[in-house]
Amino acid sequence: MTNARLRAEERRSSTIGAARKGAIYGIIVSFSLAALVGIIALLSGEFGETQGRIILTTLLMGATSITALCHLAIADRAMRMVGFVGLAASGVALITGLVLIWRNWNDPGFEDWFKVFATAGVLAVSFAHANLVLLLAGRRRRVIRVGVLVTLAMIAAVAIMIILPIVSEGEIPGIGNEEWYWRLFGVVGILDVLGTVVVPVLAIFVKDAPAVAVVDGADAAAPAGATPDQLVLSLPADLATALERRAAADGVDAAAAAVAALRRGLEPGQ
């Protein structure tokens, strides 16, 4: 890997780390300000419209910071685009939410702004949820992979079933269909929660089998199982650990990560 590429990765890691710290600080500051304004209002006996708007603003900022922190959880992994889409949804929810809080609620157009805010808010929360589940996407055990996919499908279904009535103004599910629609929503929601709880717990107990055999350097000669068109490498423990981490971050197995690293290292000019 060239020095330029290494520097680029270091800059990206530094940027992601700074963004995560910013999200954490945003959570702390926002909720602290909301608490402070509430305490001052209670002690002073004055709690008017302005104080209420300030509290709503700080709570919205805190909620946005929480979802942003979830989106940034996979910003350094192969599925980082999902995190960036989630950040965009959180940004839209923040902007429209601020407009709703500080505009005159009696002015026309409130419902349109609310639709955008509610839709973006549901998407932001759903992507935040999905990004946390995607932290397990690099696991190789089939049961974990299937569990992750099913849980992601349930997250998407829950989001769609909430958004449809919002954007259609109740035309979906429509008159007479509410009962079965929300019953189905309840079933999907239960499966969503089940996957969210069970898959991470299962991942704790179902460990991935080592993808790379680590052999002491003294025993590295003549590895068993090699064929004329196959090269078997024995890696030092520290290098094997680094390879496993890269594979998990990229969502591939260690063999694929090793091949990719070799290709990068053997490129002309490296």
Inset, instruction - Taking Ala93 as the residue in question, decide whether it is touching a Gly at 6+ places or on another chain (Cβ under 6 Å) and either outside the structural domain of Ala128 (by TED's automatic domain parsing) or modelled with pLDDT of 95 or more (or both). - result: yes
Inset, instruction - Assess whether Gly138 counts as being surrounded by 15 or more Cβ atoms within 10 Å (Cβ to Cβ) and in a loop (DSSP other than H, G, I, E, B). - result: yes
Inset, instruction - Mind listing whichever residues of region 251-270 are at pLDDT 70 or above and either surrounded by 13 or more Cβ atoms within 10 Å (Cβ to Cβ) or in a loop (DSSP other than H, G, I, E, B) (or both)? - result: Asp253, Ala254, Ala256, Ala257, Ala258, Ala260, Ala261
Inset, instruction - Only residues that are in a helix (DSSP H, G or I) and not aliphatic (A, V, I, L, M): list them for region 72-99, please. - result: Arg80, Gly83, Phe84, Gly86, Ser90, Gly91, Thr96, Gly97
Legend entry - Hey, Ala8 hydrophobic (A, V, I, L, M, F, W, C) and closer than 21 Å to Ala75 by Cβ or not: yes
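Quick grid of which residues meet (1) within 15 Å of the chain's Cα centre (by Cα); (2) in the same structural domain as Phe31 (by TED's automatic domain parsing); (3) without any contact (Cβ under 8 Å) to a residue 60 or more places away in the chain:
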residue	(1), (2), (3)
Leu60	no, yes, yes
Ala88	yes, yes, yes
Gly121	yes, yes, yes
Ala130	yes, yes, yes
Val146	no, no, yes
Leu149	yes, no, yes
Ala156	yes, no, yes
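Evaluate the following for Ala78: is it in contact with an Asp or Glu (Cβ under 8 Å, 6 or more places away or on another chain) and either surrounded by fewer than 18 Cβ atoms within 10 Å (Cβ to Cβ) or farther than 26 Å from Ala248 by Cβ (or both)?
yes
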Inset, instruction - Inspect region 61-71 for any residue being over 23 Å from Ser32 (Cα atoms) and assigned to a helix (DSSP H, G or I) and give the result as yes or no. - result: no
Inset, instruction - For region 178-187, indicate whether the set of residues that are surrounded by 10 or more Cβ atoms within 10 Å (Cβ to Cβ) and at pLDDT below 55 is non-empty. - result: no
Inset, instruction - Please go through region 103-124 and pick out each residue that is among the basic types (Lys, Arg) and under 12 Å from Val167 (Cβ atoms). - result: Lys115
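The values are calculated or read from the model by the stated rules, or taken from the named source; none is laboratory data. The structure displayed is predicted, hence computed values, not measured ones. With ideal geometry, Cβ positions are generated from the backbone for all residues, glycine too; neighbour counts draw on all protein chains shown.
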